[in-house]
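Trainee: Below you will find the structure I want to go over with you.
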Amino acid sequence: MPIDRAVLRARIENAAAPVGLLWPLETFNATNPLLGLEAQPFHEAIRRARALFGGRGYPQADTFRRAWEEGEIDPDVLQKHLDDRGIAASPEALLFEMENAERDARPSAPADDPLDRAMCRWMAAFVDQGQAPWPMPHRRDGFYAAWRQLAPYDGAVPGARRPDDLPATWVDALADVLAGRPESSWEPLFEHHLTALPGWVSFIKRRMRAKRDAWQQTYPITLAHYLAVRLTVAKRMGRSLTPDAGPTDAPSDTRASQIAALWLEAWEESDRNRLLRTLRTSMRTSSNGSAAAERPAAQLVFCIDVRSEIIRRHIEQVGPYETHGYAGFFGIPMQHDAYGAASGVKTCPPIVDPKHRIADRPAEAHEDDAHRYDAWQRIQEAGRSLLNTLKSNVAAAFGFVEGSGGFFGAALAARTLAPSALGTMDEAVTRRTGDPNQFCTPTVDRQPDADTEDGLPLGLSHEAKVLYAEAAFQLMGWGDTFAPIVVFAGHGSQTPNNPYKSSLDCGACAGNPGGPNARVLAAICNDPAVQASLRERGIDIPSDTVFLAGQHNTTTDAITLFVDDDDPPVSAEALQRLRADLEEAQTRAADERSGTFAGARASTGVDETRRRAADWAETRPEWGLAGNAAFIIGPRSLTKGQSLDGRCFLHSYDWRHDADGTALETILTGPLVVGEWISTQYYFSTVDNAVHGSGSKITHNVQGKAAIVQGNGGDLMTGLPLQSLQTDDERRYHAPLRLMAVVHAPVDRVEAILDRQAAVSQLLNNEWVALTVVDPTDGDAFLRYEPGGTWRPASAPAPMADPLDAVAA
């Protein structure tokens, strides 16, 4: 009987569910490596992941010990957890017990599996994205078909002397392997082989789901193709296809996991209590000094990213400024076609599909700047082409190396010994040759004549413009006050020689800088027709308000305003004052952040951050989102004037302007979910970097311009490098804690949203995220959500539930 393709695909999809998603390096997005297990309670998911992937799910004893010794774990909180579970042992005895269990359970080095090695080799050849000078043939036919044509030339496939020796299609290959096996055995078989190389499988899963992935459209690969190849090779190698019965956890391992879970919860509760005390202090301070506020000189809207917290705080301290937090794609689901780029990039969250295409075009007044920039780009391209020719030409290669060694040696020395000077020179060249951010304008208006049959519509209709502008002000709970200048500031990082650069850019823009989206929203809000429509909807923008766009460099904390200095839309005096204050805020923020790095070399914070931004040998150009611990949704009065140490996502929201809860529901189902992905990626990359992270940058290699491997091959690394998480080889920077959401809104409004949104409720009930509501209709009472949908005062002790029972199950 022929195999049913629909049934086969469904079984494969079910078997692949525990494996997460891995984006390519150019758009590296944070995601929970246990994304497929979020339907299970956190502690059960950890136990399940350990059985599937190996590795730890809790911090090690030395991490808890350092947190304990440095006062991050409240002794009273820890003792309460111990008492409620009837544990009489002292903290020191428990730490010692965990350390002994870890020594006993230390895993041996994994065996070099010939099947895995063969699959990694074939996968690397097929998914190459332009790194290989001689790409794999037949890729357009799909992975299985291409492998079938080439497998006879690979000695790793016994008995395959010609393609006809192998099944003709992937369906035939799987039918051959599954013959005689009951359908009930398929999923365990598939799961075993899909979890053997979770890095490659998560890369395939993400590529299959992408709607506009040019590589997938041109060179298709599916999980069915992968399994067909793997199982065919395994069968011909004489391997047993079914998994062996793995060893169960020893009692000492289970006991150690129980203790680790207890310490983790005590650490999290201690950290959350400190934050809630800070918020109470901030609210008391703001209520005591609640005089009528004057119109600010400027309002600046930043991404909710934790790195924005520091610069926002310092901007508010240097002048009469007001800051807001909004998702860094500024609500515009778009593809950005940068000036001169060969293809567009998605600049909206990974869970959102782009609906518009925005292209950069030179402004009429800056045609000369564009010509100068184009000429410089042609010179650079000619130089790169000549260099590649000389390096790869058989006749010229040796002579080229001999003749150019001195020049390249000097350049190497300069990049290593004087990175700041080279960075300054590069900035001077950019000013001289032109910057598209300064001489281009985005095509915001709808241009149907420029649409392509298989592409997105170019520009936005009037209705779309009004929709996105209204949504922005509603989601932020903006109110009636508009400053003379309103700045939408996207963000991006600056770091050379870093394959993980996109992980430091805006996650809400799919690992790209957010400046283009900021420019689009600013252009929309400056449109008189849009302002007229907004006025009809109750949003009255004053005639003297001007919207500007900018970009926050998260590596140096510099803020660039995208303004035509030859024809500024605001007075030169106001612009100069704003820029001066932004520079002062940069100085203060850079001084604060440079103190978190070990071995700072420069004399000032600004110099140090600039050095890190230009140094090609710097493994820690910035901390990215390390340290993230909470997601705060509410007015600035919740946090203003308080240092949150760059550990909190800050999303502006005012419950008074959201009677039906629509804005809050959008925040909880969008930005908060992305925040949970970020939090869990940092958590698991920290607790077991070898399994869920990517190891040290020192031994990284880029695989086909698509992903990272350790050493010269193997499975793809799915998480973050050690240097993004640790101050040095011994000391961590990121505290591996689960995310806490704090929402300033009536409890009944939050409950109604949770009743409608099962995905968000699941995250809370399964304890992937904790939730505290500050209810303004109940005297700003702090209430904590308990799994199952109950609430308790945040000051009351947490009931000791059954997470440890899940660990032991």
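Trainee: Which Cys residues of the chain have no other Cys Cβ less than 4.7 Å away and so no disulfide-compatible partner by this rule?
Mentor: So, Cys120, Cys303, Cys348, Cys440, Cys525, Cys648.
Trainee: For the stretch 6-73, what's the relative contact order in percent, using C-alpha pairs closer than 8 Å and at least 6 residues apart?
Mentor: 19 percent
Trainee: Next question. So what does Ile485 come to for accessible area, using a 1.4 Å probe and Å² rounded to 10?
Mentor: Roll a 1.4 Å probe over it and Ile485 shows about 10 Å².
Trainee: For the chain, what does the accessible surface come to per residue with a 1.4 Å probe? Please give it in Å².
Mentor: Accessible surface, normalised per residue, equals 44 Å².
Trainee: For the chain, which whole-number percentage of the solvent-accessible area (1.4 Å probe, protein heavy atoms only) is attributable to carbon and sulfur atoms?
Mentor: It is 51 percent, rounded to a whole number.
Trainee: Here is a further query. Can you give the FRET efficiency to the nearest 0.05 for Asp104 and Ala410, using r as the Cβ-Cβ distance and R₀ = 41 Å?
Mentor: 0.15
Trainee: Let me ask you something else. To the nearest 10 square angstrom, what accessible area does Ser343 show with a 1.4 Å probe?
Mentor: Result for Ser343: roughly 80 Å² accessible.
Trainee: Also, I was wondering about something else. Sorted by accessible area (1.4 Å probe), largest first, how do Glu786, Glu608 line up?
Mentor: Glu786, Glu608
Trainee: Another question about this same structure. Go through Arg593, Arg56 and list them by solvent-accessible area, largest first, probe radius 1.4 Å.
Mentor: If we order Arg593, Arg56 from most to least accessible, we get Arg56, Arg593.
Trainee: For the full complex of protein chains and a 1.4 angstrom probe, list Met136, Met334, Met208 by accessible area with the highest value first.
Mentor: Output order, biggest surface exposure first: Met208, Met136, Met334.
Trainee: Also, I was wondering about something else. Mean separation of Cα pairs under 8 Å and 6+ residues apart, divided by the residue count of the chain: what relative contact order is that in percent?
Mentor: Averaging sequence separation for qualifying contacts and normalising by length gives 17 percent for the chain.
Trainee: Quick one: which of Lys211/Lys465; Lys211/Lys235; Lys205/Lys705; Lys205/Lys697; Lys205/Lys235 span more than 29 angstrom between C-alpha atoms?
Mentor: With Cα atoms farther than 29 Å apart: Lys211/Lys235.
Trainee: Report, in deg cm²/dmol and to the nearest 500, the calculated mean residue ellipticity at 222 nm for the chain, where each DSSP H run with n ≥ 4 adds -39500 (n - 2.57) and the sum is divided by the residue count.
Mentor: It lands at -14500 deg cm²/dmol.
Trainee: Hey, another quick one. Decide, for the stretch 369-433, between rounded, prolate and oblate: order the square roots of the alpha carbon gyration tensor eigenvalues as a ≥ b ≥ c, take rounded if a/c falls under 1.5, and otherwise choose prolate if a/b is larger than b/c, else oblate.
Mentor: Because a/c hits 1.5 or more and a/b fails to exceed b/c, the stretch 369-433 counts as oblate.
The values are calculated or read from the model by the stated rules, or taken from the named source; none is laboratory data. It should be emphasised that the depicted structure is a prediction, and the values quoted were computed from it without experimental measurement. Cβ atoms come from the backbone with ideal geometry, glycine included; neighbour counts cover every protein chain shown. Note: areas computed on protein heavy atoms with side chains; ligands, DNA, RNA excluded. Shrake-Rupley method; radii C 1.70, N 1.55, O 1.52, S 1.80 Å.
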